[in-house]
Amino acid sequence: MSLEHEEIEGLLGAYALDAVDDPDRHEIERHLESCPVCRTEVSRHREVAALVSGPEQPPPDHVWERIRARLEDSREVLASAPVVRRPRPGSQRLAAALAAAALVAVGFLGWRVVELEGRIERGGSVLAAAEAALADPDGRRLVLRSDDAALAADVVLLPDGTGYLFQNNLEPLSADRTYQLWAMVGERPISAAVLGSDPEVTAFRVGEGTGALAITEERAGGVQAPTSDPIATASLS
Amino acid sequence: MGQKSFHRLSDAALVVAVGRFREEALEEIYRRHAAAIFGLARRVLLDETLAEEVIQEVFLTLWRDPERFDPDRGALRSYLLVLTHRRSVDLVRSEDARRRREEREATMDPGRDSGDVEREAEGLIASERVKEAVSELPAGEREAIELAYFGGHTYREVAGLLGEPEGTVKSRIRSGLKRMRGALARTGMVEA
């Protein structure tokens, strides 16, 4: 049972208020992963809901004390702030691999180094997740290339279909244009992510049957189907 | 870092600090946002003890997985309210909570026959500007949003409660939210 885009749109208000059943919720969340327009609508509804969430009421004092006591249980004390985000608990191997991943990111297309370091400090969850994906032994590295091999976009793909675009030398576009990533299922392109006019580290997801990835240039906000030939492609086979 | 400096940090920076196990950063986030999320949890759950549990869970979730918050996707308060609301609704829909609410409702003033009515008495009102935005809603939209958001009901349940078709309820929720956004935007509380 799969919902059409229109049906999903109609549910976005209810979804934003957590007023849908679980099956609908899963369908909607799957759709949201690849639909920035719907994601924006949900985010806007949630902003409104936040404003009407009612009068504030300070919790009793003991609530913070209880939280604090439970923090002590899961505490890992660090003497100084690390540059790279902490690894998930219980993963020593990942910690070492993350350090290695930072070196990989630094070595490739060196002009990105300064920007990456700056972004680590912003606590971007996508960057941390991308670093983890790079270190994942099941992660697959791919490079989307233009026909003349001048343009390249580096991608890592995990077995469950989540992926991260990180390094690329795509020309920055004007603000009214964007790059868009497509998953090719046979001949059919399915939007995987709107990358923005100057793509940074970006998360995306592709579904079963994806045979290739492609990047096109489109108008800002993204489109339902590509309007031109791809700028760069990579085959998954 | 002394405690004073955490007061000056943005929400996003505080979350980064939480990622580095800075307890004072979590405490500052608590200072800024706990009242807002506790207020919501209380309104949905109609139960202070349960609301306190939800608040604890939300802050522990933030402590364990700060990277789930993406500052590009929205404000930290909205994110915390979403976590709070989801958890509260899960509890509302669970067996135990349902039983407790029924017990509670049974002992309530005979003039009130459901928790939903009690919530309606409080209304969607938080401040004058919000009050105005809400007053611009047609009754059907306001009721649908009230029952869905604060009552923790799915849109299907709301349809049953109001005796309206599901499609009508869905679209009233959506159009009500858009209408409120328009009203709030006119008063400068959100971007249009």
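What follows draws every value from the coordinates through simple rules; no lab data is involved. For clarity, every value in this text was computed on a predicted model and none was experimentally measured. We place every Cβ from the backbone using ideal geometry, glycine too, and count neighbours over all the protein chains shown.
A few remarks follow.
- Each peptide in A:215-223, B:74-82 gets a packing score, the mean of other Cβ atoms within 10 Å over its residues, and the list from highest to lowest is B:74-82, A:215-223.
- Net charge of Cβ neighbours under 13 Å - reference residue A:211; Lys, Arg +1; Asp, Glu -1: -1
- Mean per-residue shielding of peptide A:164-177 is 0, counting Cβ atoms of other chains within 10 Å of each Cβ.
- Scoring B:175-181, A:4-10 by mean Cβ neighbours within 10 Å over their residues and listing the highest first yields B:175-181, A:4-10.
- Legend: mean number of C-beta atoms from other chains within 10 angstrom of residue C-beta atoms, peptide B:12-20, equals 4.
- Distance from the stretch B:138-178 to the stretch A:21-77 (C-alpha centre basis), Å: 21
- Other protein chain C-beta atoms within 10 Å of residue C-beta, averaged over A:221-230: 0.
- Here the peptides A:57-69, A:31-43 are ranked by packing, the mean other Cβ count within 10 Å, and the order with the highest first is A:31-43, A:57-69.
- By the count of other C-beta atoms within 10 Å, a proxy for reagent exposure, A:182, B:63 are ordered fewest to most as B:63, A:182.
- In percent, rounded to a whole number, the relative contact order of the stretch A:128-204 is 25, using alpha-carbon pairs under 8 Å and six or more apart.
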